[in-house]
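The values are calculated or read from the model by the stated rules, or taken from the named source; none is laboratory data. From a predicted model like this one, the values you see are computed outputs, not experimental measurements. Here the Cβ positions follow ideal geometry from the backbone for every residue, glycine too, while neighbour counts run over all protein chains shown. Keep in mind that these areas ignore ligands, DNA and RNA; they rest on the heavy atoms of the full protein, side chains included. Shrake-Rupley method; radii C 1.70, N 1.55, O 1.52, S 1.80 Å.
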Amino acid sequence: MAENLNNYKLVDKLAKLTPYDPIEGRFDIRLDANESFFNLDADVKAEVLEKIGQIPFNRYPDPYAKGAVKAFADLYGLDEKYVTAGNGSDELISIITSCFLNAQSNIVTLAPDFSMYAFYGSLYEQKCHAFGKNDDLTVNVDEFIKFCKDKDADMVIFSNPCNPTSCGIEKDEVRKIIEALDCLVVLDEAYMDFWDQSLLDEIEKYDNLIILKTCSKAFGLASIRMGFAVAGEKITTALKAAKSPYNTDTISQVVTETVLRHKEMLYENVNTIIENKNYLLIKAIALRDKYHCFETVYPSKTNFIFIKTEKAQDIFEKLMKKSIAVRKFTGYLRITAGNASENEKLLFCLEQIISEY
Ligand SMILES: *Cc1c(COP(=O)(O)O)cnc(C)c1O
């Protein structure tokens, strides 16, 4: 080893960080990341490849991803002037948190909720306050609003329906939150394609609202990085000014535009995913009743189910040994709906494991 000539020190907030580490290794069945189980079908893939073949690879991408944005806006019946493309919605969360707030600003989120909200908040030296959900993982909205005001929130951010709980807040309750607060409200609708309580078509009504969408879940495009922020013109202009100029690459733009034009395929796939999720949910509830190992199976509005069990760690490890990856939290399991054979294999292994307790 060469001698260390400098003595460079990382700032504290970085010294304590460890890189994001999704489950390592190869598994026969991946039900840990809430991806779609549909890969692109052969026709659409051929179309995508053909379009990629026409890309001028020596040129920078369109800074506003206009083709992808137009396809996204058409899919939801939105005006494209309200839409900003991001390198995954993750990048959009990062831009919003760093640029729309100051260091020491107050962020309010829910607990449990998507961990990236607090992650970026701490990276940008903000104060993150989490409002605890009820035992059944519902949210007392009036208390939540009070909490936001007490904490002098500069930004409120949560997912609906929620990752990881799979539960949802009805839209009149969400409206109540937006209308009661003057601060920025970021509503992450990553999973709203699996439920019917979206506020996307009300975006014009609110000048303090950003709705986030992603191509990684319902649309089966987790391999590319593409997410969208939908907001009124004031916020959208600021977002486009604050993002890095070439934040989404041409390949991702082309893939997104091509795939999002296949509306019927997307709707069909989403319906099948919901059916498979419902099947998984019903079977998990039956396992709960039969073995009393699952304390609660939550009512899912997403493409995954969420289970409360003291055996979470043990079940997680035993499933891994059978080459099935699910997501484990302390005392909970989150399992993404797979295709029919993946779900059968999972349910068979789950029953085998919990019948031995
Ligand atoms: C998966 C997920 C995202 C991230 O989406 P990307 O577009 O892949 O960055 C954002 N929010 C929630 C709640 C998610 O579960």
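Scanning segment 6-32 for residues that are part of a loop (DSSP other than H, G, I, E, B), in contact (Cβ under 8 Å) with a residue 60 or more places away in the chain and within 16 Å of the ligand (Cβ to nearest atom) yields a count of 3. For segment 49-73, which residues satisfy the criterion of being in a loop (DSSP other than H, G, I, E, B) and either free of Cβ contacts under 8 Å to residues at least 24 places away in the same chain or of a type outside the set (Gly, Ala, Ser) (or both)? Those that are in a loop (DSSP other than H, G, I, E, B) and either free of Cβ contacts under 8 Å to residues at least 24 places away in the same chain or of a type outside the set (Gly, Ala, Ser) (or both): Gln54, Ile55, Pro56, Phe57, Asn58, Arg59, Tyr60, Pro61, Asp62, Pro63, Tyr64. Look at segment 33-47: where a residue is within 16 Å of the ligand (Cβ to nearest atom) and a partner is modelled with pLDDT under 95 and open to solvent by 60 Å² or more (accessible area, probe 1.4 Å), sitting 6+ places away or on another chain with Cβ atoms under 7 Å, you get Ala33/Pro22.
Among the residues of segment 196-231, those identified as within 12 Å of the ligand (Cβ to nearest atom) and touching a Gly at 6+ places or on another chain (Cβ under 8 Å) are Leu212, Lys213, Thr214, Cys215, Ser216, Arg225, Met226, Gly227, Phe228, Ala229.
Among the conditions (1) closer than 14 Å to Asn303 by Cβ; (2) among the hydrophobic types (A, V, I, L, M, F, W, C); (3) surrounded by fewer than 19 Cβ atoms within 10 Å (Cβ to Cβ), the only one that Cys167 does not satisfy is (3). Just a yes or no: is a residue in segment 189-206 open to solvent by 10 Å² or more (accessible area, probe 1.4 Å) and of a type in the set (Val, Ile, Thr)? No, that holds for no residue.
Residues that are in contact (Cβ under 8 Å) with a residue 60 or more places away in the chain and either of a type in the set (A, V, I, L, M) or buried (at least 19 other Cβ atoms within 10 Å of the Cβ) (or both) within segment 118-160 comprise Leu123, Leu137, Ile157, listed in sequence order.
The number of residues in segment 116-126 that are more than 16 Å from the ligand (Cβ to nearest atom) and assigned to a helix (DSSP H, G or I) comes to 1. Looking at segment 74-110, which of its residues are in contact with a Phe, Trp or Tyr (Cβ under 9 Å, 6 or more places away or on another chain), in a loop (DSSP other than H, G, I, E, B) and either crowded, with 17+ Cβ neighbours inside 10 Å or of a type in the set (D, E, K, R) (or both)? Correct list: Leu78, Leu101, Ser105.
For residues that are in contact with a strand residue (DSSP E or B) (Cβ under 9 Å, 6 or more places away or on another chain) and free of Cβ contacts under 8 Å to residues at least 40 places away in the same chain, scanning just segment 95-115, find the one that is nearest to the ligand (Cβ to nearest atom). Out of the qualifying residues, it is Ala111. Take the residues in segment 232-247 that are open to solvent by less than 20 Å² (accessible area, probe 1.4 Å) and within 16 Å of the ligand (Cβ to nearest atom); name whichever of them is farthest from Gly86 (Cα to Cα). Filtering segment 232-247 for residues that are open to solvent by less than 20 Å² (accessible area, probe 1.4 Å) and within 16 Å of the ligand (Cβ to nearest atom), the one farthest from Gly86 (Cα to Cα) comes out as Leu239.
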